[in-house]
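Below is one structure; the comments refer to it alone.
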């Protein structure tokens, strides 16, 4: 099986606790696409023993409060390799805007991420030097919220820039401007920041 991709998508529906994951997330856990049906039990079995309770609690809270499932933890794949991942998520709603679940991305922030995103990093470096201040602010926010390194934070920003086809500087400016909306939301900072990160590109022209 080839090397797992660094970013993959997922959905989790609260009513029947049904998971759907992309081929990339399956590969991240060590499975060939389409060979297993993800369940809560299966996913928890792949969590690092020291992180399993934390993830189980986060998931239970997500179901109870109808909030996005967000987490930073370690996964052990079928080969026994450890992956450090960030789950960045938002609410999943139906046609009446009723929250029915959570959906988002698994982001592998282990060292393996560097090789796959080197092209993105190389393309972004000139812009980084030209707009260092605002990008450093955005990186700092990601480091604080997700507990990751400066390099990992830059890679996450670069991923969103590539995914949304928005310049790194522009995306960073929007994200930094949005931070003011978190002032009175310390209790659910991570959930609200996830939403800002995943939707920043939609507000580029808002000002």
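Among the residues of region 54-75, those that are in contact (Cβ under 8 Å) with a residue 40 or more places away in the chain and in contact with a helix residue (DSSP H, G or I) (Cβ under 6 Å, 6 or more places away or on another chain) comprise 67, 68, 69, 70, 72.
Of all the listed residues (171, 121, 128), the sole one being at pLDDT 90 or above and within 21 Å of residue 201 (Cβ to Cβ) is 171. Residue 189 fulfils the conditions (1) surrounded by 18 or more Cβ atoms within 10 Å (Cβ to Cβ); (2) touching a helix residue (DSSP H, G or I) at 6+ places or on another chain (Cβ under 7 Å); (3) part of a helix (DSSP H, G or I) except for a single criterion, (1).
Note on region 132-152: residues that are over 17 Å from residue 192 (Cα atoms) and either outside the structural domain of residue 197 (by TED's automatic domain parsing) or surrounded by 21 or more Cβ atoms within 10 Å (Cβ to Cβ) (or both) total 2.
Scanning region 47-62 for residues that are within 24 Å of residue 196 (Cα to Cα) and buried (at least 17 other Cβ atoms within 10 Å of the Cβ) gives 55, 58, 59, 62. Of the listed requirements (1) touching a residue at least 12 places away in the same chain (Cβ under 8 Å); (2) surrounded by 14 or more Cβ atoms within 10 Å (Cβ to Cβ); (3) more than 14 Å from the chain's Cα centre (by Cα), residue 32 misses just one: (2). Evaluating residue 51 against the criteria (1) free of Cβ contacts under 8 Å to residues at least 60 places away in the same chain; (2) touching a strand residue (DSSP E or B) at 6+ places or on another chain (Cβ under 7 Å); (3) over 24 Å from residue 152 (Cα atoms) leaves one unmet condition, (3). Take the conditions surrounded by fewer than 17 Cβ atoms within 10 Å (Cβ to Cβ) and touching a helix residue (DSSP H, G or I) at 6+ places or on another chain (Cβ under 9 Å) and apply them to residue 8. Does it pass? So residue 8 does not fit the description; no.
The values are calculated or read from the model by the stated rules, or taken from the named source; none is laboratory data. Being a predicted model, the structure only gives us computed values, none of them experimental. When we count neighbours, we look across all protein chains shown, and the Cβ atoms used for this are built from the backbone with ideal geometry, even at glycine.
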